[in-house]
Structure formats: C-alpha cells, structure tokens
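The values are calculated or read from the model by the stated rules, or taken from the named source; none is laboratory data. Just so it is clear, the model here is predicted, and its values are computed rather than measured. Positions of Cβ are generated from backbone atoms using ideal geometry, with glycine treated the same way; all protein chains shown enter the neighbour counts. SASA here: full protein model, heavy atoms, side chains in, ligands and nucleic acids out. Shrake-Rupley method; radii C 1.70, N 1.55, O 1.52, S 1.80 Å.
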Amino acid sequence: MMARSSAEFQERRESALPRGIACAFPICAERAQGAEIWDTEGRRYIDFIGGMGALAVGHSHPKVVDAVNTQLQRFTHTFFGSIPYDGYVQLAERLNAIAPFPPPAKTLLVTTGAEAVENAIKIARFHSGRRGVVVFRGGFHGRTLLTLAMTSQLDPYKRGFGPFPTDVYHAPFPSAYRGPSADEALQALRDLFETQIEPDQVAAMVIEPIQGEAGFLPAPREFILGLRALCDAHGIVLIADEVQSGFARTGLVFAIEHSGVEPDLVALGKSFGGGLPIAAVVGRAAIMDAVPSGGLGGTYAGNPLGCAAALAALDVLEEENLAARSVEIGERLTNGFRSLKLGTSFPIIGEVRGLGAMIGIELVDDAMCQRPATALTARLVEDAAMHGLLLASAGRAHNVIRVLAPLTVSNGIIDEALAIFDDSLTRVAACLP
Ligand code: PMP
C-alpha cells in the first residue's frame, strides 16, 4: 500500500525498520526527474543529494530508463560466472578504454562501492602476497567490516561494530584549511613505515583523491605524487577510491587525473551505474589477473540491468559532455556560495572548496578557531528541506554542506537552490544565541 500522507508513512517506517537506518527527512518519494523530486504529498524538492552522489546523470535519465527497459525484456539475471552475457564484457571494454593508467586494463564488476573497495584489496593482496593496507584519516570506504576498518569515523559508522579486520593502518590526510600540510602528511607516512609496519609488508594504499564523507577535501597534487613515489619504491599497489569522486564529478572522469598520477587500481561505484546498483574495480591487467579463476565474483556482480544502465550512463557522460558541465556547475556554485549575503558580514563560512561540481561549504561558529558549526548545519539542512532544497552534510563534525547535484542540473535550478540556501542560512544564523 502506498502511503499518501508523510506522517502516516513515517509511522509505518519507524515500526517496520530498525533504528539503525537513518532518515534525514520526514518525506516519502513519489517520483523524480533530473534534479527534482516530488513527495507523496505533491511537494517538489530540488535534489542536491542526488542519491548520495549516485545520480550524475540525474533521476530517471531517459537513456538509462530505455536501456534498462530493453534489458528487462531480454533477461534480468543469469549469474555471470555460469552463464556470461555481452553487457558485462562491453562495460568492461568501455571502462578499460578510459582507465586512468596505461593499457592494458581489466575490469571486475560487483554491486556496491564497498564491495569494489574490498575486491581491490583482495586483488592487491593476492598480487603482492602482503597483508598491510594503508588508508587516510577521514576517509570513508564503506560499511562492510573490512571497509569499516578502513573508514575513520566512529559515529555513526564504527562505534560498537568491532572488532575489525587487522592490518589496516591510518595515516594523516592533508587539509589546506585545518592542516596538516602535504609534507607533514608524507612525513607521517614515512614514520608509520618505521614504527607500525614495514613497507614491504604493505599490499596497498587506498586514497580518495578528494575525500567525500570527510567534507570534500581535495588531496594536494604533491601529496598524491608522494604516495605514488612511495608505492613505486616499495612495490605497493596504489588504489584510488573513486566511488564518490569518479564519473566526471570533479570535472575530469577520474578525480585522480587532476594530479597527473596514474593509480594501479580504481574502485568505482555510485554514479557510474546511472542510478542502478553496480560497481567496478578497473586495474592494470597484470595485477587484476593475479587472482586465479573463481577467486572473484558474486551472485549479482555485474548484473545485466546494472550493465545496461552503466553503459547508457557512459553514453550520457560523453554525449552531454558532463565533465565540462561539472566545471561550469562548480564555478556557479562556488561563486554563489562566496557571494552569500552572510558570507562577508558574518564569519560563518569557514571555507568553500572542492573540485569541479564536487563543492562543499564548511560552516564554523568561530572563524578564528574554526570551531565547527554542527548544530547550525543540522538546522540549515532542515530549514532548506522545508523550503524545497534537499542537502546532505559531511565532515567529521557534520558541518560541511556537500553538493552532489546531478550534473544534468540546469543553471535555473542551481540559482533557485542557491537562493533557498541563502535565505535558509540567513534564517538559521539569525537564531544563533
Ligand atoms: N568509497 C567512497 C569514497 C564512498 O563515498 C562510498 C559511499 N559513500 C563507498 C566507498 C561505499 O559505497 P557503497 O555505499 O556503494 O558501498
């Protein structure tokens, strides 16, 4: 039965679902198109969450809908390991051709971002015969137990869920706004190799070229160059987790391309599936081929509907030139955020930062000591939703608004969203003690 009233829906949701599943907004989705979504009470929202970054091509892109519909009529599932199909191979060929490292590349398809990251680690371990995994503070890599061990945020992700798999080492991630510098972070990594784990025991380093959940923190180029040099010196596999930053979100197909560094493996998910659950590991063939037959896979891994959607999404990426559009969106958002009414008169905006359309705005209570404006950010998200704009926060203190709008969003909708944002921020700031 479809709930008509949001209140009734919330009641049913609470009694049927465990508390652990969060619900940011008390609404129930009815339909969505592009960057807009309507609830069951007929209210329209601008969607700047975009399926948590999974909808670069927008809700229900007609090309994706058509491709999935066509595949639905043919067959929905076989289990690729027993009965293969062409969509999987086609998608692998497409991804291999755009991989951000020299050919030959090979691709493994899975279902979720966490699964892609886990498989990248499995492949790196098999290839190197080593156990250690180095990750960076603030990083988010998923909610399965290995990827939780790699994620460095206690609440709400890790607390109470341990013990976690061992041999995962957390090193500092540089931040231009809060520190450390790229040099300091590289030094910390060298210290880690002297005090925690010998580099010749490290299978992989996993980096988000721009940290997502941590609040849209781009890794400085010299830091990624430093990682590549350390990996080369010690035979470590460099894995780029592009689950959130990939698929042109940052203005280039892969965010790591901004640094000029070529990774060994890339984990992809979210937007590359065009809104369907499909994810991938794209890697240098020699590393990908280390695992013997049967060592990789999964029942729904590379599901035919997901392959059809991802192939259509890749067409949209090219035909609609989403990478260039991402840059335009980023400039419009950055200019908009920097010229907010409050921006100049009130020290609430700590930093506007990001790459391409992956723009975040960090809100602080006190610009001098950079104290995170956690409560204000929560009120802002709530107020904006009440006025028709859906936003997601990020950052360890949940004080960064991150924009994950579809890259197909129009300028008109961006401007409308910026106006709602400005009014909401003005309203919630006026209520500050
Ligand atoms: N890596 C990164 C960088 C992510 O942002 C996420 C999801 N937020 C994941 C991995 C996990 O993806 P999924 O939720 O599809 O498992």
Q: Go through segment 43-59 and give me each residue that's away from the ligand (no atom under 16 Å from the Cβ) and open to solvent by less than 60 Å² (accessible area, probe 1.4 Å).
A: Tyr45, Ile46, Asp47, Val57, Gly58, His59
Q: Sort out for me the helices (runs of 4 or more DSSP H) sitting completely within segment 339-433 that have 2 or more residues that are at pLDDT below 95 and farther than 22 Å from Ala22 by Cβ.
A: 341-345, 411-430
Q) So Ser293 clears everything in (1) open to solvent by 10 Å² or more (accessible area, probe 1.4 Å); (2) closer than 24 Å to Gly251 by Cα except one condition, right? Which one? A) (2)
Q: Can you give me the number of residues within segment 197-240 that are open to solvent by 10 Å² or more (accessible area, probe 1.4 Å) and over 24 Å from the mean Cα position of the chain (by Cα)?
A: 10
Q. Which number in (1) within 13 Å of the ligand (Cβ to nearest atom); (2) in a loop (DSSP other than H, G, I, E, B) marks the one condition that Ile239 misses?
A. (2)
Q) From the residues in segment 254-278 that are part of a helix (DSSP H, G or I) and open to solvent by 10 Å² or more (accessible area, probe 1.4 Å), which one is nearest to the ligand (Cβ to nearest atom)? A) Lys270
Q: Could you grab the pairs with beta carbons closer than 6 Å, sequence gap of 6+ or different chains, first residue in segment 283-302 and farther than 21 Å from Leu238 by Cβ and of a type outside the set (D, E, K, R), second one open to solvent by 80 Å² or more (accessible area, probe 1.4 Å) and in a loop (DSSP other than H, G, I, E, B)?
A: none
Q. If you go through segment 199-213 one residue at a time, do you hit one that is without any contact (Cβ under 8 Å) to a residue 40 or more places away in the chain and either away from the ligand (no atom under 15 Å from the Cβ) or within 30 Å of Ile49 (Cβ to Cβ) (or both)?
A. yes
Q. How many residues does segment 1-49 contain that are within 21 Å of Leu391 (Cβ to Cβ), out of contact with any Cys (no Cβ under 6 Å at 6 or more places or on another chain) and among the hydroxyl-bearing types (Ser, Thr, Tyr)?
A. 1
Q: Count, please, the residues in segment 155-198 that happen to be touching a residue at least 40 places away in the same chain (Cβ under 8 Å) and outside any helix (DSSP H, G or I).
A: 7
Q: Go through segment 107-153 residue by residue and tally those that are in contact (Cβ under 8 Å) with a residue 24 or more places away in the chain, within 11 Å of the ligand (Cβ to nearest atom), open to solvent by less than 10 Å² (accessible area, probe 1.4 Å) and part of a helix (DSSP H, G or I).
A: 5
Q) Does segment 7-28 contain any residue that is assigned by TED's automatic domain parsing to the domain that holds Arg379, open to solvent by 80 Å² or more (accessible area, probe 1.4 Å) and in contact with a strand residue (DSSP E or B) (Cβ under 8 Å, 6 or more places away or on another chain)? A) yes
